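Scroll down for the structure; my scribbles are underneath it.
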Amino acid sequence: MEIKIDNDTDEEIAQAIATAVSEHLGRGVELVGDDGTLAEAGENWSEEGAVVTEREEAIREDIENILSGGPERGFDKIDDLGKVFVRDRLDMIFDEIEYEDGSFARFGDDDELPADGLITGIGTIDGRKVAFTANDYTVKAGSLGQMGVEKVIRIQERALDLGIPMLRLVDSTGARLNAEEREPGDTHMDRYRGGKMFYNQCRMSGEIPQIGVLYGPDVAGSAYTPVFCDYLIMVEDIAGMAIASPRIVEAMTGEKTDMQQLGGPQVHAEHSGSADLVVPDEETAAERARDILRFLPQNYSESPPEETPKPPKKNPYSLDDIIPEEPNKAYDVMEVIDRVVDRDSFVEMKPDFAPELVTGLGRIDGQVVGIVANQPDHISGAIFPDSADKGAGFVWTCDAYNIPLVYLCDTPGFMIGSQVEKEGVLRRGRKFIYATSNAQVPKFCVITRKAYGAGIYAMAGPSFGPDATLALPSAEISVMGPDAAVHALFGGQIEDMDGDAKDAFIESAKQEFDKYIDIKKQAGKMQVDELIPAGDLREQLEVRLDTYKTKQRDDRPRHHGTVFF
């Protein structure tokens with residue numbers, strides 16, 4: 001509704017008139033002077049028309065103070081450490097923060113505890129709702145107080161109710177141990193206190209994706225927060241996690257160490273296997289967190305999001321040329337992956353841990369897939385205890401979130417010897433085989449070259465429920481390699497031979513053994529579903545993945561298996 005008004009009318013008065021008339025008539029109003037619109041109301045209520053009382057103004061000032069973070073010394077501390085203020089960190093990752101809860105936690109108790117040092121709420125990434133917690137290091141070094149614990153528990157429950165992912169931005173020295181934080185008799189074991197956070201994380205596992213980003217040293221019980229996440233990103237130089245601080249370690253055990261040696265990114269990337277990715281800075285951490293989320297569904301009941309297909313980085317029709325004819329000659333399996341997945345889509349997980357097995361998320365024709373590949377460029381792609389753990393955990397997580405699996409098999413099998421037996425190669429190897437056997441997502445075994453011994457069991461061989469076993473012309477399926485087979489069959493005879501006669505006998509025996517591992521004859525006996533030209537692999541995976549989008553999961557008549565990861 002357009003109303004003419006004197007051009008000399010004051011803007012504030014004009015806005016008040018427009019607001020009053022609009023509210024009275026229940027419709028939009030525009031006040032127009034000789035030079036155009038002076039004020040409007042009722043369609044898009046403007047802030048100029050707001051009536052702000054002293055009471056509301058006081059609340060808004062309180063909120064502004066809370067959002068500004070901790071005391072100045074807290075900002076000096078993050079500057080010294082090269083860290084980003086938590087709200088800037090949230091802006092790096094989220095397109096928008098929809099809302100926060102618990103901003104007034106601890107309000108009035110202590111002016112240096114805004115929001116009790118923890119921000120929780122719901123944000124949007126690529127149009128998807130994502131719940132989050134984020135420690136504010138300017139407030140008591142991000143330590144976790146009682147109201148902070150309460151906020152974590154509430155947002156966990158809401159994320160479960162909504163069926164949305166949970167992002168944990170961890171920058172905390174652990175529980176706040178100040179005396180004022182608890183009354184006599186209080187403990188962390190209280191039913192609705194600290195332990196409840198970790199209980200919830202366990203219950204959330206496999207139901208909604210949990211992504212953790214670690215920005216600082218996290219010790220004691222709170223260090224379980226990042227490791228309970230499905231995927232963990234650590235930032236170089238500033239991140240670390242351990243069950244006790246270096247000071248406590250020295251006091252209790254006498255060992256002198258520092259945080260980087262005890263639980264820095266290198267420790268957890270190369271040795272413990274707890275970190276999925278280590279990144280150089282916070283900007284990269286934000287990018288990787290968003291990248292991982294793009295591979296994951298909102299929850300276990302949905303499918304991962306598809307994207308526009310892209311061609312592979314390298315020519316798929318040159319695949320056969322990069323696989324050596326000799327079964328023991330090294331090559332980089334990334335050369336295979338680059339010819340199979342969509343360009344720039346592959347994100348390798350745990351690249352520095354047990355590198356004899358490559359695991360990562362990528363896309364084939366726009367569809368998310370999990371890649372499990374033996375790495376012949378590292379100790380021939382043999383499966384060690386650590387790589388068995390790595391493979392088992394990756395497969396299990398993919399199965400939880402409906403991510404199809406593609407296995408690229410080129411392995412001499414599980415490693416042998418006294419050292420790996422001490423490390424539990426059988427006990428840990430069974431985890432890999434168990435995970436593969438029980439995964440119900442579409443899964444495809446591609447035998448690129450060697451498939452010896454029990455290695456093919458873990459790599460989804462024909463007996464372990466693949467939706468197809470595809471073999472390339474370079475494939476060799478055998479209970480063991482030629483060298484091992486000859487020594488197993490003729491060890492006694494070989495011991496009694498010398499020089500040229502021994503070499504000639506071994507070579508002759510190997511050639512005879514090779515007759516029994518002819519992939520064409522094995523395909524003729526249907527030991528594989530299809531023998532395909534290597535150049536057709538990408539296309540075969542495209543059409544088979546598309547076909548198996550409708551694969552159904554089976555209910556199992558049991559509580560769960562007895563093999564843990």
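Whether any residue in the range 70-91 is open to solvent by less than 10 Å² (accessible area, probe 1.4 Å), farther than 22 Å from residue 288 by Cβ and not aromatic (Phe, Trp, Tyr) is what I want to check.
Yes, the conditions are met somewhere in the range 70-91.
Among (1) at pLDDT 95 or above; (2) open to solvent by 10 Å² or more (accessible area, probe 1.4 Å); (3) touching an Asp or Glu at 6+ places or on another chain (Cβ under 9 Å); (4) not in a helix (DSSP H, G or I), there is one condition residue 110 misses while meeting the rest; what is its number?
Looking at each condition in turn, residue 110 falls short on (1).
Are any residues in the range 220-234 buried (at least 18 other Cβ atoms within 10 Å of the Cβ) and over 27 Å from residue 398 (Cβ atoms), and if so, which ones?
222
For every residue, the table says whether it meets (1) among the basic types (Lys, Arg); (2) farther than 23 Å from residue 288 by Cβ; (3) open to solvent by less than 10 Å² (accessible area, probe 1.4 Å); (4) in contact with a Leu (Cβ under 6 Å, 6 or more places away or on another chain).
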site	(1), (2), (3), (4)
195	no, yes, no, no
199	no, yes, no, no
211	no, no, yes, yes
218	no, no, yes, no
236	no, no, no, no
243	no, yes, no, no
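One line per residue, one yes/no per condition, for (1) within 17 Å of residue 522 (Cβ to Cβ); (2) aromatic (Phe, Trp, Tyr):
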position	(1), (2)
433	no, no
437	no, no
441	no, no
449	yes, no
452	yes, yes
465	no, no
472	yes, no
477	yes, no
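What single numbered condition from (1) open to solvent by 20 Å² or more (accessible area, probe 1.4 Å); (2) in contact with a helix residue (DSSP H, G or I) (Cβ under 8 Å, 6 or more places away or on another chain) fails to hold for residue 321?
With (1) open to solvent by 20 Å² or more (accessible area, probe 1.4 Å); (2) in contact with a helix residue (DSSP H, G or I) (Cβ under 8 Å, 6 or more places away or on another chain) applied to residue 321, the lone miss is (2).
Can you tell which of 338, 342, 389, 365 is within 27 Å of residue 417 (Cβ to Cβ), of a type outside the set (Ser, Thr, Tyr) and over 15 Å from the mean Cα position of the chain (by Cα)?
Numbers: 338 fails: within 27 Å of residue 417 (Cβ to Cβ); 342 fails: within 27 Å of residue 417 (Cβ to Cβ); 365 fails: within 27 Å of residue 417 (Cβ to Cβ).
Answer to the check: 389.
Give the residue, chosen from 267, 278, that is touching a helix residue (DSSP H, G or I) at 6+ places or on another chain (Cβ under 8 Å) and part of a strand (DSSP E or B).
Only one candidate passes the filter, namely 278.
Looking at residue 218 and the list (1) outside any helix (DSSP H, G or I); (2) more than 28 Å from residue 137 (Cβ to Cβ), which single condition is not satisfied?
Status for residue 218: all satisfied but (2).
Check every one of the helices (runs of 4 or more DSSP H) wholly within the range 367-466 and list those with 3 or more residues that are within 19 Å of residue 519 (Cβ to Cβ), open to solvent by 20 Å² or more (accessible area, probe 1.4 Å) and not small (Gly, Ala, Ser). Before the answer, list the steps.
Working: elements: 385-400, 418-422, 425-438, 455-458.
Output list is empty.
Looking only at the range 145-169, filter to residues that are open to solvent by 10 Å² or more (accessible area, probe 1.4 Å) and within 19 Å of residue 219 (Cα to Cα); which one of those is farthest from the chain's Cα centre (by Cα)?
Here the answer is 146.
Name the strands (runs of 3 or more DSSP E) wholly inside the range 1-89 in which the number of residues that are of a type in the set (Ser, Thr, Tyr) is 1 or more.
Because the criterion is at least 1 residues that are of a type in the set (Ser, Thr, Tyr), the strands (runs of 3 or more DSSP E) in the range 1-89 that meet it are 36-41.
For the subset of the range 508-560 comprising residues that are in contact with a Ser or Thr (Cβ under 9 Å, 6 or more places away or on another chain), open to solvent by less than 70 Å² (accessible area, probe 1.4 Å) and at pLDDT below 90, which member is nearest to residue 446 (Cα to Cα)?
517
Can you tell me which residues in the range 274-304 are over 18 Å from residue 235 (Cβ atoms) and open to solvent by less than 40 Å² (accessible area, probe 1.4 Å)?
295, 296, 297, 298, 299, 304
Residues are listed down the side, and each one gets a yes or a no for (1) within 30 Å of residue 298 (Cβ to Cβ); (2) of a type in the set (Asp, Glu); (3) without any contact (Cβ under 8 Å) to a residue 40 or more places away in the chain; (4) out of contact with any Asp or Glu (no Cβ under 7 Å at 6 or more places or on another chain):
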residue	(1), (2), (3), (4)
384	no, no, no, no
389	yes, yes, no, yes
397	yes, no, no, no
404	yes, no, no, yes
417	no, no, yes, yes
423	no, yes, yes, yes
426	no, no, yes, yes
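State whether one or more residues within the range 326-347 are without any contact (Cβ under 8 Å) to a residue 40 or more places away in the chain, of a type in the set (A, V, I, L, M, F, W, C), assigned to a helix (DSSP H, G or I) and open to solvent by 10 Å² or more (accessible area, probe 1.4 Å).
Yes.
Determine if the range 45-58 includes at least one residue that is hydrophobic (A, V, I, L, M, F, W, C), at pLDDT 90 or above and open to solvent by less than 80 Å² (accessible area, probe 1.4 Å).
yes
The values are calculated or read from the model by the stated rules, or taken from the named source; none is laboratory data. On a predicted model such as this, the values are computed, not experimentally measured, just so you know. Reconstructed Cβ throughout: ideal geometry from the backbone, glycine too, with neighbour counts over all protein chains shown. All accessible areas refer to the heavy atoms of the entire protein, side chains included, with ligands and DNA or RNA removed. Shrake-Rupley method; radii C 1.70, N 1.55, O 1.52, S 1.80 Å.
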